[in-house]
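The values are calculated or read from the model by the stated rules, or taken from the named source; none is laboratory data. Only a predicted model underlies this, so the values are computations on that prediction, with no experimental measurement involved. Here the Cβ positions follow ideal geometry from the backbone for every residue, glycine too, while neighbour counts run over all protein chains shown.
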Amino acid sequence: KDNRTYSDNRFPVLFAPPFSMPLPTPKAKPPHPLDKQQGGDREKKTPIMIHRAIFGSFDRFIGIITEHFAGAFPTWLAPVQVRVLPISEERHGEYAKKLVDELKAEGFRVELDDRNEKIGYKIREAQTQKIPYMLVVGDKEIEANAVGVRARKEGDLGAMPVEEFKKKLKEEVETFAR
């Protein structure tokens, strides 16, 4: 039995005591045909796999940053920056779709919630999902070419012209505001 001592390469030897691991003894296999073709010595070889965890570190980073923000990412980092909530799909759906297209054209990550649900339920669900901005669209907003803005942190900000909201959102995203 061949026992050798290895240390965990993620931590210095001072912090992680070495551990023993028996080396596997592979069964005798014929040499690989490429070994012979490349002028090899035709001796039995033990395959060795070198492991790199490129995505492992990325996964740990995503986990850490999600935990840091408790899922409530700042607007510039949020997967969905704005959710448009029409009060009634029949009456306000067309304006809501136009608004979504405008915001997407500006480069924002936008979703349309056109389900046939009560507006309070849609707002509560978006709040639970920690969407930074919810835009409520109804008759008054269509007439004034505006949106009813609800921010995740500040709550109801009232009606705001569409262009003013775009400017506010663009500034928040470009300055990496929290």
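Is one or more of the residues making up segment 81-104 hydrophobic (A, V, I, L, M, F, W, C) and out of contact with any strand residue (DSSP E or B) (no Cβ under 8 Å at 6 or more places or on another chain)?
Looking only at segment 81-104, we keep the residues that are hydrophobic (A, V, I, L, M, F, W, C), and these are 82, 84-85, 87, 96, 99-100, 103.
With out of contact with any strand residue (DSSP E or B) (no Cβ under 8 Å at 6 or more places or on another chain) added as a condition, the list becomes none.
No: segment 81-104 contains no residue that is hydrophobic (A, V, I, L, M, F, W, C) and out of contact with any strand residue (DSSP E or B) (no Cβ under 8 Å at 6 or more places or on another chain).
Between GLN81, GLN38, the distinction of being polar (S, T, N, Q), on the phi < 0 side of the Ramachandran plot and at pLDDT below 70 belongs to GLN38 only.
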